[in-house]
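The values are calculated or read from the model by the stated rules, or taken from the named source; none is laboratory data. It should be emphasised that the depicted structure is a prediction, and the values quoted were computed from it without experimental measurement. Every residue, glycine as well, gets a Cβ built from its backbone with ideal geometry; the counts of neighbours run over all protein chains shown. The accessibility values were calculated without ligands, DNA or RNA, using every heavy atom of the protein model including side chains. Shrake-Rupley method; radii C 1.70, N 1.55, O 1.52, S 1.80 Å.
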Amino acid sequence: MTLAERKAAARQEAIAARAAVDPALAGPANRALIEAVRAAPGRVVSAFWPIRAEIDVRPALNDLAATHDLCLPVVVAKNAPLVFRRWRPGDLLREEKFGTFVPQATEELTPEILIVPLAAFDARGFRLGYGGGFYDRTLAGLRAAGGPVTAIGVAYEAQRMAEVPVETTDEPLDLIVTETGPHWPA
Ligand SMILES: Nc1nc2c(c(=O)[nH]1)N(C=O)[C@@H](CNc1ccc(C(=O)N[C@@H](CCC(=O)O)C(=O)O)cc1)CN2
Ligand SMILES: Nc1ncnc2c1ncn2[C@@H]1O[C@H](COP(=O)(O)OP(=O)(O)OP(=O)(O)O)[C@@H](O)[C@H]1O
């Protein structure tokens, strides 16, 4: 199997496992996420609006809105980094292709703390998304720019794998939050 094939197989397996999880497990994950964000340096936080069976972090966003500037990712081009537009709880979103929801023409923000969606993760902090490479490009750009960047993956324990297949462009997470609490890469 090529690396791309191994990634595709691992992605499919993790997405199936995620779809079978009891969404009530999002409760403890949201509580751990709020603490993790409050412990990280910076005020601008990027989040994600859940699609498919992704863990729903909107409860945490409602709390964090009191203390942080929130934004959501927007895909602007296939091989480009994401851009992030300001979002406040209650703001209307527009449905994009792939079923994502994005803010309507709000100001662009540069996140210092990124709440990152994922299909699979491992104990080293590597992740697999949907295969667009969007978060890899985005994190590479932000880290190269030198500012404080904390990438927090949020997932269910069911999405944990022994070793996610990796390539040189994969950007590791700084922290993974699940229903069992925060996990720092070994
Ligand atoms: N909630 C959420 N928002 C997000 C992301 C995410 O992973 N989760 N993204 C993270 O980057 C970006 C959107 N990227 C996405 C990339 C691909 C697909 C997707 O469903 N792809 C199809 C294949 C499409 C094709 O190649 O023709 C698939 O996987 O079946 C969805 C979102 C920005 N917003
Ligand atoms: N910084 C980069 N520059 C060029 N290509 C990149 C970069 N980052 C990732 N890629 C390429 O993008 C493709 C998809 O990467 P990968 O399978 O890791 O996506 P993913 O992490 O699952 O997706 P996402 O980050 O959108 O959730 C791969 O072919 C990878 O080589």
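Checking L72 against (1) part of a strand (DSSP E or B); (2) away from ligand 2 (no atom under 14 Å from the Cβ); (3) touching a residue at least 60 places away in the same chain (Cβ under 8 Å), which single condition isn't satisfied?
Tallying (1) part of a strand (DSSP E or B); (2) away from ligand 2 (no atom under 14 Å from the Cβ); (3) touching a residue at least 60 places away in the same chain (Cβ under 8 Å), L72 fails exactly one: (3).
For the stretch 8-64, give me each residue that is in contact with a helix residue (DSSP H, G or I) (Cβ under 9 Å, 6 or more places away or on another chain), acidic (D, E) and over 25 Å from G132 (Cα atoms).
D63
Name the residues in the stretch 82-114 that are under 28 Å from R31 (Cβ atoms) and near ligand 1 (Cβ under 10 Å from one of its atoms), would you?
Selection gives L82, F84, G99, T100, F101, V102.
Yes or no: the stretch 2-24 includes at least one residue that is at negative phi, in contact with a strand residue (DSSP E or B) (Cβ under 6 Å, 6 or more places away or on another chain) and among the hydroxyl-bearing types (S, T, Y).
No, there is no match, as no residue in the stretch 2-24 is at negative phi, in contact with a strand residue (DSSP E or B) (Cβ under 6 Å, 6 or more places away or on another chain) and among the hydroxyl-bearing types (S, T, Y).
Mind checking which residues of the stretch 128-150 are more than 9 Å from ligand 1 (Cβ to nearest atom) and closer than 24 Å to L64 by Cα?
Within the stretch 128-150, L139, L142, R143, G147, P148, V149, T150 qualify.
Would you mention how many residues in the stretch 75-94 are assigned to a loop (DSSP other than H, G, I, E, B) and open to solvent by 40 Å² or more (accessible area, probe 1.4 Å)?
11
Name the single residue that is farthest from the chain's Cα centre (by Cα) among those in the stretch 125-160 being within 14 Å of ligand 2 (Cβ to nearest atom) and of a type in the set (K, R).
Among those that are within 14 Å of ligand 2 (Cβ to nearest atom) and of a type in the set (K, R), it is R143.
Residue check: is A123 at pLDDT below 95, closer than 23 Å to R31 by Cα and among the small types (G, A, S)?
no
Consider only pairs whose beta carbons are under 7 Å apart and that are at least six residues apart or on different chains; among these, list those whose first residue lies in the stretch 123-152 and is over 17 Å from T110 (Cβ atoms) and open to solvent by 50 Å² or more (accessible area, probe 1.4 Å) and whose second residue is within 13 Å of ligand 1 (Cβ to nearest atom) and of a type outside the set (K, R).
Y130/A119
Cβ contacts < 9 Å: first residue basic (K, R), restricted to the stretch 79-91; second residue open to solvent by less than 60 Å² (accessible area, probe 1.4 Å) and part of a loop (DSSP other than H, G, I, E, B), any location; separation 6+ or different chain. Result?
Final answer for the pair search is R85/T106; R86/T106; R88/A65; R88/T106.
For the stretch 4-45, which positions are assigned to a helix (DSSP H, G or I) and touching a Leu at 6+ places or on another chain (Cβ under 7 Å)? Before the answer, list the steps.
If we filter the stretch 4-45 for residues that are assigned to a helix (DSSP H, G or I), which is where we start, we get 4-19, 23-39.
Within the stretch 4-45, K7, A10, R11, A14, I34, A36, V37 qualify.
Would you check if there is a residue in the stretch 101-121 being in contact with an Asp or Glu (Cβ under 6 Å, 6 or more places away or on another chain) and within 13 Å of ligand 2 (Cβ to nearest atom)?
yes
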